[in-house]
Amino acid sequence: MNLWQIIRRLVPYVRPYRSLVAATLLLTLIGAITAQVNPFVLRYTVDSVQRLLAEGKGLRAGMPLLLLISLILLTKELINIALEFGQKFFGEEIRIYVSSALSQDAVRRILSYRLGFYAELGNQTGRLQTRLDKGVDSLMKLVQDMFIDILPLLANAVVALGIMFAASWELGLVALAVLPVYFGLSYWQAYRLSAVRRQMRKLREDKNHGLLNLIDSAVVIKSFVREDYEEQKQNFLQQQLRRAQLHMRKTNFLFDGLKSFVEQLGVVFIVVLTAYLVLAGRMSLGAIMFHIMLFHNVSAPIRQLHRMYDELNEVHTYSEAFFEMLDAPDAVEPSGPVLPTHLRGTFELRHIDFTYPSGTQALHDVGLTIAAGKTTALVGLSGAGKSTVINLLCKLYQPQHGELLLDGIPLAEYNTHALRQNIGLVLQKNHIFKGTVEENIRYGLMEASREEVQQAAAKAFLHEQILQLPEGYETDAQQLSGGQQQRIAIARLFLKNPPIIFLDEPTASLDAVTTEQIKASIDALKRGRTVVIISHSLSQIVDADFAYVLQQGQVVESGTHRQLYEHDGAYRRIFDASARSLNIEKIAQTMTL
Ligand code: ADP
């Protein structure tokens, strides 16, 4: 993406504020003209003072002159204050509006992305955050530079240059000759820095991603006492970043020095040339000050334009990354036109192949049917592909080959949001948002009343427990135990009341008593719905109406519990191993004693 394309992308964001942009430009343009007042006033002052001295007149004769000058300069400054205020304030207003629109657009886009997008390299949490923050910052600079600063600066320089040419063409030429040297240096500087800038962007993204990971992994790091190791990993990144930063600063200082040398060279030329012209009697003494100030009025905006040019190069890398994130190809979740009204919940998978974006093929030629209104169990060792089946049924991922139908219509043709309104998902560990218990349960149905929230909690056997907490439903939900959080997830489903429910090891990390209670609420939840359950808990498997056994991404057996058990295959082996792991014989002996 080149700079021009980025600017074109920004235009729609700036367009709503075009009258503000016009007002800012106008103010700055007037500012460019008032900036030329000083040289004229100074020349007039020096020449008048010199004339008065030559005529032998003193302070008294000079008083009106001093008054006039003060009045002009003061009025000019007052106008300038108003101009600058308006210009800065309008400029800021544009930047604030545009940056908030950009951030909001980015958030909306990120939320619409398919799941695989977040897992892909370059899109993980820290990296996305860096891209978003730095991207919006950079784009704001771009808005400031391209839509607010550039025209007035150019106007400033051109007006001053015109006046110089009008005063003396030799002087105009000297001022003009400095510009290409200046431009050349800036171009060279940008060229030398472009690779370092990209490297720095990547390093910053890596660093932020690494930092977030550190916080996520704090318990493991501490338990294995790997603080030093992690510190070294960060230090390695830090070193690279340091080197790149130093290199960049060094290059910048070097070029800044060269550029300021060229500018001073211009000043020296102007002074010498004007002094020569004054001595030759072609100009008055006041011309020296006049020309130096005019040259300043040419060089200052040019210097600013170059600062902008440097900045644009820096901004370019981050803006590019920002729009890359916004425009990511195939990143948006696919959706279809079908709006389901009464889903029965019959899923049919035929010859399904699925490979994760990482390249792991998780399903091979899978065929299975999930009957409406029944409970179907997916059984298999871990890594067999059970959760992947559920991911496909929720449309979180799309299979590469095969047919996936829901009530006879390809799943891809359903409107994704409408479909998910009909599906409830309970995982082994469910996300609890920062907020109260009530807010977390209400996530299942935003418009639910307090009573409905409490009824749902009661059905999930959570109500009594919540009432015992000092702050009741106002308790911070993230502080609840694993079992209580799991009940929140189930209460959410009671509120959502979807016809189809997927349970992915809902009791895997819970103690026996909690498991028993949660099983009771799951049994209540299952009534009258289509349920797919993945579980290692024998009690939940034997309750299913039908089961499929998966092994290394393939369906190897299917049938009712009894059929599968009698078949004496993979199911039987898993079932017996689970029973042995429970030490069922001894348990049975104890219970009969
Ligand atoms: P199960 O639920 O039976 O334990 P999964 O469906 O989670 O198995 O995993 C099946 C295979 O797919 C495994 O090899 C696993 O490593 C891989 N896998 C699961 N999730 C992802 C993912 N998000 N990205 C890449 N590979 C994955």
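Rolling a 1.4 Å probe over the protein chains gives Met248 an accessible area of about 10 Å².
Given a 1.4 Å probe and the protein chains as shown, Ile79 ends up with an accessible area of around 80 Å². Let me know the shape class of the stretch 321-434, please: from the alpha-carbon gyration tensor, a ≥ b ≥ c as square roots of the eigenvalues, rounded when a/c is under 1.5, otherwise prolate if a/b is greater than b/c, or oblate. Taking the square roots of the gyration eigenvalues as a ≥ b ≥ c, the stretch 321-434 is rounded.
Might you tell me the accessible area per residue for the stretch 553-593, computed with a 1.4 Å probe and given in Å²?
Result: 74 Å² per residue.
By accessible area, using a 1.4 Å probe on protein heavy atoms only, the stretch 432-483 has 52% of its surface on carbon and sulfur.
For Leu68, the accessible surface of its heavy atoms amounts to roughly 80 Å² (probe 1.4 Å, protein chains only, rounded to the nearest 10). Average accessible surface for the stretch 3-326: 55 Å² per residue, computed with a 1.4 Å probe over protein heavy atoms with every protein chain in place.
Keeping all protein chains in place, calculate the accessible area per residue for the stretch 376-491 (probe 1.4 angstrom), answer in Å². Ligands and nucleic acids excluded, the result is 46 Å² per residue. The stretch 137-159 and the stretch 284-361 have Cα centres separated by 19 Å. Legend: residues Tyr414, Tyr97, Tyr565, sorted from most to least accessible area (1.4 Å probe; ligands, DNA and RNA excluded), read Tyr97, Tyr565, Tyr414. Farthest towards the positive end of the charge dipole of the stretch 3-326, among the residues Gln129, Leu68, Leu305, is the Cα of Gln129, using unit charges on the Cβ of Lys, Arg, Asp and Glu. What shape does the stretch 420-520 take by its C-alpha gyration tensor, where a ≥ b ≥ c are the square roots of the eigenvalues and a/c under 1.5 counts as rounded, a/b above b/c as prolate, and the rest as oblate? Verdict is oblate for the stretch 420-520.
Full extension of the chain between Arg18 and Phe183 gives 56.4 nm of extra length, using 0.36 nm per residue less the Cα-Cα distance.
Ignoring any ligand, DNA or RNA, what whole percent of the accessible area of the stretch 332-371 comes from carbon and sulfur when the probe is 1.4 angstrom? Taking all protein chains in place, the stretch 332-371 shows 54 percent carbon and sulfur surface. For the residue pairs Lys76/Lys259; Lys202/Lys233; Lys386/Lys519; Lys88/Lys207; Lys374/Lys459; Lys222/Lys386, the alpha carbons lie more than 26 Å apart in Lys76/Lys259; Lys88/Lys207; Lys222/Lys386.
Note that the stretch 3-326 shows a convex hull volume over its alpha carbon atoms of 172 Å³ per residue. As a fraction of the 1.4 Å probe accessible area of the stretch 3-326, surface on carbon and sulfur atoms comes out at 67 percent. When Ile522, Ile30 are compared by accessible surface with a 1.4 Å probe, the order from highest to lowest is Ile30, Ile522.
Relative contact order of the chain: what whole-number percent is it, with Cα pairs under 8 angstrom and at least 6 residues apart? Don't skip to the answer; put the middle values down first.
Working: 778 pairs, mean separation 85.8, N = 593.
It comes to 14 percent, rounded to a whole number.
For Val531, the residues whose amide H sits under 5 Å from its own are Gly373, Lys374, Thr375, Thr376, Ile501, ignoring neighbours fewer than 5 places away on the same chain, with H placed 1.01 Å from N. Residues Leu305, Leu214, ordered by accessible area of protein heavy atoms at a 1.4 angstrom probe radius and largest first, appear as Leu214, Leu305.
Placing unit charges on each Cβ (+1 for Lys and Arg, -1 for Asp and Glu) gives the chain a dipole about its Cα centre, and among Gly380, Gln421, Leu171 the Cα reaching farthest toward its positive end belongs to Leu171. Overall, the chain carries a charge dipole of about 1600 debye about its Cα centre when +1 sits on the Cβ of Lys and Arg and -1 on the Cβ of Asp and Glu, all other atoms neutral.
The values are calculated or read from the model by the stated rules, or taken from the named source; none is laboratory data. Quantities reported herein were computed from a predicted structural model and do not represent experimental measurements. In this analysis, Cβ positions are derived from the backbone assuming ideal geometry, glycine residues included, and neighbour counts consider all displayed protein chains. Accessible surface areas use protein heavy atoms only, side chains included; no ligands, DNA or RNA. Shrake-Rupley method; radii C 1.70, N 1.55, O 1.52, S 1.80 Å.
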